[in-house]
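Take a look at the structure below.
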Amino acid sequence: MTLTAVIIFAFTYLVISAQRLPFLHLDRTSGAMIGAVAMIAFGVLTPNDAYQALNFDTIVLLLGMMMIVAYLQVGGFFDLVAAFILKRARTGHGLILTIIISSGILSAFFVNDTICLMMTPFVLLLTGRSKIDPKPYLLALASSANIGSVATLVGNPQNMLIGTFSGWPYLKFFLAMLPIAIAGLAIDFAVLRHFFGGTLKQELKPYEARQIAGADKALLYKSVLVMAIVIAGFTLGVGLPLMSMLGASILVLIANRRPEEIFAKVNWSLLVFFAALFVVVAGINKVGLVEDAHKILQGYFSVSPTRQIATFSFASLLLSNIVSNVPYVMVVQHWITAFSSPMLMWLVLAMSSTFAGNLTVAGSVANMIVLELSKESAPFGFWEFTKVSGTIALLTWGTGTLFLLLYTAIGRF
């Protein structure tokens, strides 16, 4: 039984890590789904075990946030953000700074993958109109979306998992991670200036105000108001899944839009991916693989709180790029209680698994969205992307680790 679980687990994580296997025509969602079904079909789990493995809090939170973001998109919110960026950008320096700030802030509240999906076309539009190289600005978008998303429990999928697993209050988590996110965005800007300083001095063509096609002002106001209510609910301690679905349900009632239009924009593939991963991880848990791995690594994680932070942070940086950050968080959630300061280690996990996303092209879905949408007009080579984004990842991860070590030294957590 153990060998069967290992084989299924290895196959699933091979597909997830490779993102796509052309000879099998599998992507990460289908690979996870096949792995989950195999765990049941080969007797590692019973169907009842699989149902119990599903963490509906995380799935409901994801669904609610995706629906709210879809209403904001239909209402023209992200078009207005793009117009704001275009209007204020006068030089390359101004544009890259505005992108970093806007993307970083928005990713904290609206999920980093969504921000990259919405903003990449506008970055290509402006750079194409001004006839400048779009690559520095695309790198700024992807890296700042990853960095900014660390600030809240709804900024990225792995933080959503941590929010449902850990019991961290939304506001307290935000206050702890905000300095780390701000420092990370500052590093992002400094690194991009270092690599592209000469090209960022170019003047951009003046922005010409125009009517945004498809904007629905009434829906825009409703969506922004509901999102503000949802964030207020998070801050006051209302459960994340309940508050997100409450916001989505209110919009379904008041938006005056056909619900199927919104449901069509929900990333159902991501929800299936999460559900399937819960089952696969439950399978390796049942045969004791996660516990065995923890026993092997426990010697490196033990001793002092300072060493625990440093070693766990480094391990998370590496392993998040090997197996991807979402499945990594699902596996190591079971290890957190063994640390001397579990609540602090949740912060270490959130920081390191998020900043690891900038280390390689495949480190985060946000990276892949930006590169996929820009592949025709601005194709990146592997090293061309990694030397810049990887530098950002290492510097922000190191700074984040120092912040968390400081928190320990002053007894904050």
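Where a number appears in this text, it was derived from the coordinates with a stated rule and is not lab data. These numbers were taken from a predicted model, which means no experiment stands behind them. Note that each Cβ is placed from the backbone with ideal geometry, even for glycine, and that neighbours are counted across all protein chains shown.
If you take the charge dipole of the chain about its Cα centre, with +1 on Lys and Arg Cβ and -1 on Asp and Glu Cβ, which of Val252, Pro136, Phe263 is farthest toward its positive end?
Pro136
Using the Cα centre of the chain as origin and beta-carbon charges of +1 (Lys, Arg) and -1 (Asp, Glu), tell me which of Thr4, Thr401, Ala183 is placed farthest towards the positive end of the dipole.
Farthest towards the positive pole: Ala183.
Can you pick out the pairs among Lys135/Lys375; Lys135/Lys265; Lys172/Lys222; Lys87/Lys131 whose Cα atoms lie more than 20 Å from each other? Mind dumping the intermediate values first?
Numbers: Lys135/Lys375 11 Å; Lys135/Lys265 28 Å; Lys172/Lys222 28 Å; Lys87/Lys131 17 Å.
Checking Cα-Cα distances, Lys135/Lys265; Lys172/Lys222 exceed 20 Å.
Enumerate the calculated ³J(HN,Hα) couplings along segment 53-61 in order (Karplus 6.51 cos²θ - 1.76 cosθ + 1.60, θ = phi - 60°), each rounded to whole Hz, writing x wherever the residue is Gly or Pro.
For segment 53-61, the Karplus-derived couplings read 6, 5, 9, 5, 4, 5, 5, 5, 4 Hz, x marking Gly and Pro.
Around Ala145, what is the net charge, scoring Lys/Arg as +1 and Asp/Glu as -1 over all other residues with Cβ under 11 Å from its Cβ? Intermediate results must be reported in sequence, preceding the final value.
Working: positive: none; negative: Asp113, Asp188.
Net charge around Ala145: -2.
Just to confirm the number: angle between the C-alpha axis of helix 157-166 and the first principal axis of the chain, 0 to 90 degrees, nearest 10?
Taking the Cα atoms of the chain, the angle to 157-166 is about 50 degrees.
Could you tell me whether segment 69-196 comes out rounded, prolate or oblate from its Cα gyration tensor? Rule is a ≥ b ≥ c as square roots of the eigenvalues, rounded for a/c under 1.5, then prolate if a/b exceeds b/c, otherwise oblate.
Oblate, because a/c is 1.5 or more while a/b does not exceed b/c.
Sort the following peptides by mean Cβ neighbour count (other Cβ atoms within 10 Å, averaged over residues), highest first: 119-132, 145-158. Before the final figure, lay out the partial values.
Working: 119-132: 18.0, 145-158: 29.3.
Answer by packing, highest mean first, reads 145-158, 119-132.
What is the magnitude of the charge dipole of the chain about its Cα centre, with +1 placed on the Cβ of each Lys and Arg, -1 on the Cβ of each Asp and Glu, and no other charges, expressed in debye to the nearest 20? Write down the numbers at each step before the final one.
On the way: 24 positive and 17 negative charges, 182 e Å.
Roughly 880 debye, rounded to the nearest 20.
Against the longest alpha carbon principal axis of the chain, how many degrees, from 0 to 90 and to the nearest 10, is the axis of helix 305-323 turned?
Taking Cα atoms only, the helix is inclined about 80 degrees.
Please list 3J(HN,Hα) in residue order for segment 32-38, calculated via the Karplus relation 6.51 cos²θ - 1.76 cosθ + 1.60 where θ = phi - 60°; whole Hz, with x for glycine and proline.
5, 5, 5, x, 5, 5, 5
Decide, for segment 314-377, between rounded, prolate and oblate: order the square roots of the alpha carbon gyration tensor eigenvalues as a ≥ b ≥ c, take rounded if a/c falls under 1.5, and otherwise choose prolate if a/b is larger than b/c, else oblate. List each step's numbers first, then the result.
Working: a/c = 3.35, a/b = 2.94, b/c = 1.14.
Cα axes put segment 314-377 in the prolate bin.
Quick one: longest stretch of the chain between exposed loop GluC sites (Glu not before Pro), exposed meaning at most 16 other C-beta atoms within 10 Å and loop per DSSP?
Working: sites that count: Glu208, Glu376.
Result, exposed sites excluded: 1-207.
Using a/c under 1.5 as the rounded threshold, could you call segment 302-413 rounded, prolate or oblate? The axes a ≥ b ≥ c are square roots of the C-alpha gyration tensor eigenvalues, and prolate needs a/b larger than b/c, oblate otherwise. Provide the component values of the computation, followed by the final result.
Numbers: a/c = 3.07, a/b = 2.08, b/c = 1.48.
It is prolate, given that a/c is not under 1.5 and a/b is the larger ratio.
Once Lys and Arg get +1 and Asp and Glu get -1 on their Cβ, which of His93, Val81, Leu192 lies farthest toward the positive end of the dipole of segment 81-205?
Of the candidates, His93 comes out farthest on the positive side.
Identify which of the listed values of Cα extents along the principal axes in Å was calculated from the structure shown: [x] 82, 60, 45; [y] 57, 48, 43; [z] 64, 49, 48.
Among [x] 82, 60, 45; [y] 57, 48, 43; [z] 64, 49, 48, the one calculated here is [z].
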